[in-house]
Amino acid sequence: MPKVELREGFYTLLHPRPVVLIVATDPEGKANAMACAWITPVSEEPPILAACLSEESYTRELILKTREFTVNIPTAQLLEAVRVAGAKSGRKVDKIPLMRVTLSPSKAVKPPIIAECVGHIECKMRESVVMGECTVFFADVVAAYADKELLARGLWRLDRAEVLLHVGGNRFAKAQPL
């Protein structure tokens, strides 16, 4: 079968990927959310994740200032909220009301969680590294929790959770069990 050259868009070969909503706050406590699919665990002990945010991202700017954020796992029911979070800039508009989500206090960090999401990871920035047009945030996971009825032995029950995947651009899919 013939192959097509994708070096410029190599990352599309690594999709679909789970999409998350990252929430950070400004120094006064005002929350902003963004959609992100470039996020991954990098260590189990200690628990650390890495999130890659564009240099243009307002959320990136907030995390550099406050060094904390939450990672919220949406389901297909939150597709429109994810689209708003990914299409609007928090510098220009308050996205939270447009997303029609509820912010709730987190357990261990100042930025809130999104109550409608099925899972939450609370993070404190360990370090950041500029790579190309992105900043990679390495963050300590200080709390992580999810809706109990959507898990089986610590894994998503994909027949119930409908975890949202980012296919590319403005395209999404639901994870389904095989």
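Any read-out appearing in this document is the output of simple, stated calculations on the displayed coordinates, not a laboratory observation. In this text, all values refer to a predicted model and were calculated from it rather than measured experimentally. Cβ sites come from the backbone with ideal geometry, for glycine too, and all protein chains shown count toward neighbours.
Observations on the model:
- Figure legend: label point modelled 7 angstrom from the Cα of LEU64 along Cα→Cβ; residues of segment 121-148 with amide N under 15 Å from it are 127-138.
- Spatial offset of segment 19-95 relative to segment 119-173 amounts to 10 Å, using the alpha carbon center of each.
- Convex hull of Cα atoms in segment 69-159, direction-averaged projection (nm²): 7.4
- Out-of-range pairs (alpha-carbon distance over 19 Å; input LYS110/LYS148; LYS107/LYS148; LYS88/LYS110; LYS92/LYS174; LYS3/LYS174; LYS95/LYS124): LYS110/LYS148; LYS88/LYS110; LYS92/LYS174; LYS3/LYS174; LYS95/LYS124
- Net dipole in debye of the chain [+1 Lys, Arg Cβ; -1 Asp, Glu Cβ; about Cα centre; nearest 20]: 300
- Judged by the gyration tensor of its Cα atoms, with axes a ≥ b ≥ c, the chain is rounded; a/c sits under the 1.5 cut.
- In this simple spin-label approximation, LEU98 and LEU178 carry label points 7 Å from Cα along the Cα→Cβ vector, and these lie 3.8 nm apart.
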